[in-house]
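For reference, the structure discussed in these notes is given below.
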Amino acid sequence: MNRYRIELEELSAFVDRLEAFEQRAESIAADVDQQIAQLHEGWFGSAAEQHQARHNEWMAAAEEMREAVAELRAAAKTAHRNYTEVIAINTAMWP
């Protein structure tokens, strides 16, 4: 039988770090998007169009990454809750 341990405090800290990362990534993406919008107010032509297309791809990839991080955070949060409940149930069985 394999043994494994769950460190609930570390799992909780991981969830917190993921949330902070999500917030920081969102902030950076918003800042970059704003700067690109300002840049394109006076930049026209083929290079500007190509740059905007690459920026749009980058923004889509950044959004995909943030969604994946949110899913990971939700899964870690669920795992923490489940392990906490199991510990409480198992502890209650042994007075």
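Each residue in region 45-95 was checked for being at pLDDT below 95 and outside any helix (DSSP H, G or I), and 2 pass.
With the structure loaded, tell me whether LEU8 is aliphatic (A, V, I, L, M), closer than 30 Å to GLU85 by Cβ and surrounded by 12 or more Cβ atoms within 10 Å (Cβ to Cβ) or whether it fails that test. Yes; evaluated as a whole, the condition is true for this residue. For region 74-85, does any single residue satisfy the condition of being surrounded by 13 or more Cβ atoms within 10 Å (Cβ to Cβ), β-branched (Val, Ile, Thr) and free of Cβ contacts under 8 Å to residues at least 40 places away in the same chain? No - not one qualifying residue is present in region 74-85.
Pairs meeting the criteria (first residue in region 21-47 and within 14 Å of TRP58 (Cα to Cα), second residue assigned to a helix (DSSP H, G or I) and among the basic types (Lys, Arg), beta carbons under 9 Å, at least 6 apart or on different chains) are ALA25/ARG66; GLU26/ARG66; ALA29/ARG66.
Here's the yes/no breakdown for (1) under 30 Å from ALA79 (Cα atoms); (2) surrounded by fewer than 11 Cβ atoms within 10 Å (Cβ to Cβ); (3) not hydroxyl-bearing (Ser, Thr, Tyr):
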position	(1), (2), (3)
PHE21	yes, no, yes
GLU26	yes, no, yes
VAL32	no, no, yes
ASN56	no, no, yes
GLU64	yes, yes, yes
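The values are calculated or read from the model by the stated rules, or taken from the named source; none is laboratory data. Keep in mind that what you see is a predicted model, and the values were worked out from it rather than measured. With ideal geometry, Cβ positions are generated from the backbone for all residues, glycine too; neighbour counts draw on all protein chains shown.
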